[in-house]
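Below: one structure, written as structure tokens.
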Amino acid sequence: MLLIGAVFIGVILGYLRRGRITHLASLRLRFWGLVVVALLTQLLIFPLFGDRPLLPYATTELHLLSYGLVLLFLALNYRTLPLLFIGLGSLLNLLAIAVNGGYMPSSQAALSRAGSHELVARLIEEGRVGNIMLMSEKTRLNALGDFLYLPKGIPLAAAFSIGDLIVALGLVWLIVWGMESHV
């Protein structure tokens, strides 16, 4: 949800800086198909519209692979500075996910304050839901987990990590920078 907000903020700031959205097409990002494959992989392994994933096998391995694909895309496009920032946030998220068996630890308090009470109840009951698990003494690198939040009542309220925040800021930067003319 945070990334959706980042896109809107980036476009608004881009227009305020007299940029044009059509200039985004002139960004020369190579191998963007890696990101598409990574996103499709996550859509397959984590439930989006129901309780069960479309592909219920090798979830941890495929989740880590999807992050690897994104990081490879970012490394191949290292000359686009905002992508380095996005890469830092992605790497922080990957670290937290990797040391927790392929799941992001999420704070019960942050989820509750964001209005995700049903999700908290499911996490307490099931242990893991989608790509997250409930943060506890047993989870590792909790400082990189989802402990930040936008409170209920704010559009796109959700719990998120420092890595997510860095990725979102990098996305805003990429959009604003990309909307400027680079000809």
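The values are calculated or read from the model by the stated rules, or taken from the named source; none is laboratory data. Please read all numbers here as calculations on a predicted model, not as lab measurements. Neighbour counts are summed over all protein chains in view; Cβ atoms, including those assigned to glycine, are modelled from backbone coordinates with ideal geometry.
Pull up segment 164-183, narrow it to residues that are out of contact with any helix residue (DSSP H, G or I) (no Cβ under 6 Å at 6 or more places or on another chain) and part of a helix (DSSP H, G or I), then point me to the one that is surrounded by the most Cβ atoms within 10 Å (Cβ to Cβ).
Restricting to residues being out of contact with any helix residue (DSSP H, G or I) (no Cβ under 6 Å at 6 or more places or on another chain) and part of a helix (DSSP H, G or I), the top hit is LEU169.
Looking only at residues in segment 46-86 that are in contact (Cβ under 8 Å) with a residue 60 or more places away in the chain and over 29 Å from GLU180 (Cβ atoms), which one is surrounded by the most Cβ atoms within 10 Å (Cβ to Cβ)?
It comes out as HIS63.
When segment 38-51 is examined, which residues are found to be out of contact with any Pro (no Cβ under 8 Å at 6 or more places or on another chain) and either more than 15 Å from ILE132 (Cα to Cα) or modelled with pLDDT under 80 (or both)?
ALA38, LEU39, LEU40, THR41, LEU48, PHE49, GLY50, ASP51
Pairs please, first residue from segment 5-32 and more than 9 Å from ILE175 (Cβ to Cβ), second anywhere and surrounded by 12 or more Cβ atoms within 10 Å (Cβ to Cβ) and of a type in the set (D, E, K, R), Cβ atoms under 9 Å, 6+ apart in sequence or on different chains.
ARG17/GLU180; ARG18/GLU180; ARG20/GLU180; HIS23/GLU180
Return the residue satisfying two criteria in turn: it lies in segment 103-129 and is surrounded by fewer than 19 Cβ atoms within 10 Å (Cβ to Cβ) and among the small types (Gly, Ala, Ser), and of such residues it is farthest from LEU54 (Cα to Cα).
ALA109
Which residue is surrounded by the fewest Cβ atoms within 10 Å (Cβ to Cβ), if the candidates are limited to segment 136-158 and must be touching a Lys or Arg at 6+ places or on another chain (Cβ under 8 Å) and not hydroxyl-bearing (Ser, Thr, Tyr)?
Among those that are touching a Lys or Arg at 6+ places or on another chain (Cβ under 8 Å) and not hydroxyl-bearing (Ser, Thr, Tyr), it is PRO151.
Does any residue in segment 108-132 that is of a type in the set (Ser, Thr, Tyr) come within less than 6 Å, Cβ to Cβ, of a residue that is surrounded by 11 or more Cβ atoms within 10 Å (Cβ to Cβ) and assigned to a helix (DSSP H, G or I) six or more places away or on a different chain, and which pairs are these?
SER112/VAL120
Tell me, yes or no, whether segment 127-141 has at least one residue that is under 25 Å from ILE9 (Cα atoms), modelled with pLDDT of 95 or more and not in a helix (DSSP H, G or I).
So far as segment 127-141 goes, no, none of its residues is under 25 Å from ILE9 (Cα atoms), modelled with pLDDT of 95 or more and not in a helix (DSSP H, G or I).
Of all helices (runs of 4 or more DSSP H) completely enclosed by segment 1-118, which ones contain at least 1 residues that are out of contact with any strand residue (DSSP E or B) (no Cβ under 7 Å at 6 or more places or on another chain) and more than 19 Å from ILE166 (Cα to Cα)?
Result: 2-16, 33-45, 59-76, 108-113.
Which residues, counting only those in segment 33-45, are free of Cβ contacts under 8 Å to residues at least 12 places away in the same chain and either surrounded by 17 or more Cβ atoms within 10 Å (Cβ to Cβ) or over 30 Å from SER116 (Cβ atoms) (or both)?
GLY33
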